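Visitor: I have a structure here, written as structure tokens, and I will follow up with some questions on it.
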Amino acid sequence: MMKKMLFLIVCALYATAGSAQSNYRALRFSQPEAFFATGMLTVHQQNLERRQAFEAACQSRKGMERYIREARARFRRIAGPLPERGDLKARTVATDRGNGFDVEKIIFQSTPGRYVTAHLYLPAGRKGKVPACIEMCGHALTGKGNGSMTAERMAVNGIAVLVTDPIGQGERLQLIDAEGKPLTRGVTTSHTLLNPAFCLLGSSLAAQEYFDNSRAVDYLQSRSDIDGDRIGSYGFSGGGTQSAYLIGLDDRIKVGCIGLFFSSRERTLETQGPSDGCQWIPYEGRERIEIADMAMMMAPRPFIVLDGKYDFVDHWGALQGFEELRRCYATLGHPERVDQYYCEDGHAAPPDVQTKMVKWFRKWLIGDESELRSLDYWRGTDMNCTSKGQVNLEFADAKTTMQLCLEEMDRLADERSRFCRQPLSHIRDTMKALLGLPLSFNDSIEAVPTGHSSLRDAEEFRYQLNCTGQFPVPVIVRVPSDVSPHAKIIIHLHDAGKGWYLEEKDRRDATSDGTIELAADLCGFGETADPSMYNLSKYWNKEFRSAVTALHAGRPLMGRRVADIRTLLNFCSRDSRLRGRLIEIVADGINAVAVMHATVLDDRISRAQVTDTLRSWRSYIEQPLQRDMMSNTLIGVLRRYDIPDLVRLSKGRIVMAD
């Protein structure tokens, strides 16, 4: 009896949780994965165009060289603005002796106040200049830690290695308390939370990591004991990502390796969803850049892929990507300069992988294919470069990434002011470009009736609004029985979904005030919301996979929602019950930011009342510990305008009601 009661209670709870949307549906279909799937259609189309261009390039050496040259130019363009290169102010703070190598503890500044901590592994008994590699750390909170087995294996075999702490790792944590303890569960979370600030300024965390790593190359080339013409790059997992960007963007890298990351971006997005905030640069899909292209950008210089057969990194995507690499190098006349090695392991770099890698670098950096020296693994006891363990606590002039981004935002204030003084037509065109919208909207819509009910004091009509190229918009219209010719329309757009709003209204048993109400779900909300099971909680965003995939394709979610709002306005302008009436919008949260953009773009919105929403993108920079930031992120928007500018441009039509 008790088991039966518990079963009935659980069923009741599930029914209550889903009632808001199930009772207020308007779409002809119920498929929660459909919204993300339609976003992936754009990704598939972009990658198809990329593959077609690659196939054409394989027909000749000149064609392949042009393909690589153009891909590199597009890649550098989306990397965005980077800091100026100044004096590194590098210094060695201490040296430890390992087993067959020395380890120097290094500190330099990639930009003023942006301190980078590193270990330089140098072969013992070295004579003259030696080749060197940049080793980029995986996603360990400790960063470079107290030792690197791969760096040691390299050093005892004649190749120096510089291991740097990336932003947010090791001695470069950004989200910390007064004692230097991390405020997030791990590196992938902190990277994801730090990324929006850079994106808003036109860059990305991945591009900033590339910049720091390229400055590490600058440092190596400044040393008299390093051969600056023989520098390689490698990394595993998150370090493999960094290596992909370094070899793609820095032509000083002579030999490259990507470990535990190389695969197909297209397949990864579809099967696993996007990775954390340091593992992608916005618009890669729009610019037809795959991970294989990043490796091709260094062709015909030697390159190797290392991974485990049973890694969560998609194996089929890796095999497909390598086949493209093989054809690229063959077309260029150097098939021997590319290789792929998979071990019988998962997400790991066991000794056989390390051995394969060291042999590869020795072959191409030194010209030596003899047997490797054995390694007697050593681990330091205290390998910090700072006494306090964190650069942002150690140095009075140290600047967090938040401070650096705030400085850049403030520097751009005059540029934003000038932009907002431009003619409204120019502002609107630029806004559409940032939103990923065409200059001319598609205003052809189809309103498909999906239900009708006679309520106590209103008639309720349900529609699925179709517009080519957009996800269908579900809408419920309630027209009061005593509606007057002068009654206005209020469109309700809520993050909790139209079902939440209508259920609350019905629960209060409120009577009509004569206003026509229209409740809708913009794409990704309500009955079109992406299931939570596909969005890892560690990314602090309930629609992370949709938001990042949209930025990958160059079609931000905010832009798609602005297009949905225009569809709603077009519906109101054409429906016989609605046309010619004053239109107001009530919105909250993420919906509200899209509504503010739509209000500036479309004069048909007479008033937009927004609550519980973003008041300035500055808050994302000042306090990155926030949820759903990626949903509200437009790439480079702070080089043009901020939220208060939208309010001013609306000429009083946008009202912050809280």
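The values are calculated or read from the model by the stated rules, or taken from the named source; none is laboratory data. This one's a predicted model, so the numbers in the text were calculated from it and none came from an experiment. Neighbour counts are summed over all protein chains in view; Cβ atoms, including those assigned to glycine, are modelled from backbone coordinates with ideal geometry. Ligands, DNA and RNA are excluded from the accessible area calculation, which covers all protein heavy atoms including side chains. Shrake-Rupley method; radii C 1.70, N 1.55, O 1.52, S 1.80 Å.
Visitor: Given a Förster distance of 22 angstrom, what is the FRET efficiency for Ser532 paired with His44, based on the Cβ-Cβ distance and rounded to 0.05? Spell out each step's value before the answer.
Guide: Details: r = 24 Å, r/R0 = 1.11.
Approximately 0.35, to the nearest 0.05.
Visitor: Using all alpha carbons of segment 351-423, what is the percent of pairwise distances in each 5 Å bin, ordered from the shortest bin to the longest?
Guide: Cα pair-distance distribution for segment 351-423, in percent: 3, 11, 10, 9, 7, 8, 9, 12, 11, 7, 6, 5, 3, 1.
Visitor: Convert each backbone phi in segment 244-254 into a coupling constant with the Karplus relation 6.51 cos²θ - 1.76 cosθ + 1.60 (shift: θ = phi - 60°), then list the ³J(HN,Hα) values in order as whole Hz, x for Gly and Pro.
Guide: 4, 6, 5, 6, x, 10, 10, 7, 7, 6, 8
Visitor: Would you please put 530-536, 630-636 in order of how densely packed they are, using the mean number of other Cβ atoms within 10 angstrom per residue and starting with the highest?
Guide: Values: 530-536: 14.7, 630-636: 23.6.
For the peptides 530-536, 630-636, the packing ranking is 630-636, 530-536.
Visitor: In debye to the nearest 20, how big a dipole does segment 488-636 give about its Cα centre with +1 on each Lys and Arg Cβ and -1 on each Asp and Glu Cβ? Walk me through the intermediate numbers first.
Guide: Values: 21 positive and 20 negative charges, 83 e Å.
For this selection, approximately 400 debye.
Visitor: Kindly report the accessible area of the chain per residue (heavy atoms of protein chains, probe 1.4 Å, no ligands, DNA or RNA), in Å².
Guide: Details: 26150 Å² over 658 residues.
I get 40 Å² per residue for this part.
Visitor: Which trypsin sites (Lys or Arg not before Pro) in segment 103-200 pass both tests, a DSSP loop state and at most 16 other beta-carbon atoms within 10 Å? Walk me through the numbers on the way to the answer.
Guide: On the way: sites: Lys105, Arg114, Arg126, Lys127, Lys129, Lys144, Arg153, Arg172, Arg185; in loops: Arg126, Lys127, Lys129, Lys144, Arg172, Arg185.
In loop regions of segment 103-200 (DSSP not H, G, I, E or B), the sparsely surrounded trypsin sites (Lys or Arg not before Pro) are Arg126, Lys127, Lys129, Arg185.
Visitor: Going from the alpha-carbon gyration tensor of segment 34-140, what semi-axes, largest first and in whole Å, does one get by taking the root of 5 times each eigenvalue? Walk me through the numbers on the way to the answer.
Guide: Numbers: eigenvalues 349, 88, 56 Å².
Here the semi-axes work out to 42, 21, 17 Å.
Visitor: Using a probe of 1.4 angstrom, how much of the accessible area of the chain is carbon and sulfur, in percent?
Guide: Carbon and sulfur atoms account for 51 percent of the accessible area of the chain.
Visitor: Could you tell me how far the Cα centroid of segment 594-641 sits from the Cα centroid of segment 467-510, in Å?
Guide: Taking the Cα centre of each part, segment 467-510 and segment 594-641 sit 23 Å apart.
Visitor: Out of the GluC sites (Glu not before Pro) in segment 54-114, which ones are loop residues according to DSSP with at most 13 other C-beta atoms within 10 Å? Mind dumping the intermediate values first?
Guide: Numbers: sites: Glu55, Glu65, Glu70, Glu84, Glu104; in loops: Glu84.
Answer in residue order: Glu84.
Visitor: Still on this structure, please answer the following. Please report the equivalent ellipsoid semi-axes of segment 17-88, computed as sqrt(5 x eigenvalue) of the Cα gyration tensor, largest first, in whole Å. Mind dumping the intermediate values first?
Guide: On the way: eigenvalues 366, 115, 8 Å².
They are 43, 24, 7 Å, listed largest first.
Visitor: Now a separate question. Which order, highest average first, do 36-44, 537-545 follow once you tally other Cβ atoms within 10 Å for each residue and take the mean per peptide? Numbers along the way, then the final one.
Guide: Numbers: 36-44: 17.4, 537-545: 20.1.
Listed from highest to lowest mean packing, they are 537-545, 36-44.
Visitor: So for the chain, considering every pair of alpha-carbon atoms, how many percent are separated by more than 47 Å? Mind showing how you got there, number by number?
Guide: Working: 52423 of 216153 pairs.
Roughly 24 percent, rounded to a whole number.
Visitor: I would also like to ask the following. How about segment 422-474: which trypsin sites (Lys or Arg not before Pro) there are in a DSSP loop, with at most 10 other Cβ atoms within 10 Å of their Cβ?
Guide: On the way: sites: Arg428, Lys432, Arg456, Arg462; in loops: Arg456.
Those that pass, being in a loop and sparsely packed, are Arg456.
Visitor: Based on the inverse mean of 1/r over its pairs of different Cα atoms, what is the Kirkwood hydrodynamic radius of segment 401-448, in Å? Could you put the intermediate results ahead of the total?
Guide: Numbers: mean 1/r = 0.0743 Å⁻¹.
Answer for segment 401-448: a Kirkwood hydrodynamic radius of 13.5 Å.
Visitor: I've got another one for you. So what are the ³J(HN,Hα) numbers for segment 100-108, from phi and the Karplus equation (6.51, -1.76, 1.60; θ = phi - 60°), rounded to whole Hz, Gly and Pro as x?
Guide: x, 7, 10, 10, 8, 8, 10, 10, 9
Visitor: Convert 25 °C to kelvin, take the viscosity as 0.890 mPa s, use the Kirkwood radius over C-alpha pairs of segment 270-352 as Rh, and evaluate the Stokes-Einstein diffusion coefficient in µm²/s, rounded to a whole number. Please list the in-between numbers first.
Guide: Values: Rh = 14.1 Å.
Diffusion coefficient, whole number: 174 µm²/s.
Visitor: Using each residue's phi in segment 29-39, evaluate 6.51 cos²θ - 1.76 cosθ + 1.60 at θ = phi - 60° and report the 3J(HN,Hα) Karplus result to the nearest Hz, with x for Gly and Pro.
Guide: Working through the residues one at a time gives 10, 10, 9, x, 7, 5, 4, 5, 4, 5, x Hz.
Visitor: Here is a follow-up. Return, for the Cα atoms of segment 281-433, the radius of gyration and Dmax in Å, separated by a comma.
Guide: Here Rg and the maximum Cα pair distance are 23.8, 69 Å.
Visitor: Sequence gap at least 6, Cα distance under 8 Å: using those rules, report the relative contact order of the chain to the nearest whole percent. Intermediate results must be reported in sequence, preceding the final value.
Guide: Details: 1309 pairs, mean separation 104.6, N = 658.
Across the chain, relative contact order equals 16 percent.
Visitor: Same structure again: Using only C-alpha positions, report the orientation-averaged shadow area of the convex hull of segment 585-633, nm², one decimal.
Guide: Values: hull surface 13.7 nm².
Value for segment 585-633: 3.4 nm².
Visitor: Expressed as a whole percent, how much of the Cα-Cα distance distribution for segment 152-234 exceeds 14 Å?
Guide: Values: 2395 of 3403 pairs.
Counting every Cα pair in segment 152-234, those more than 14 Å apart make up 70 percent.
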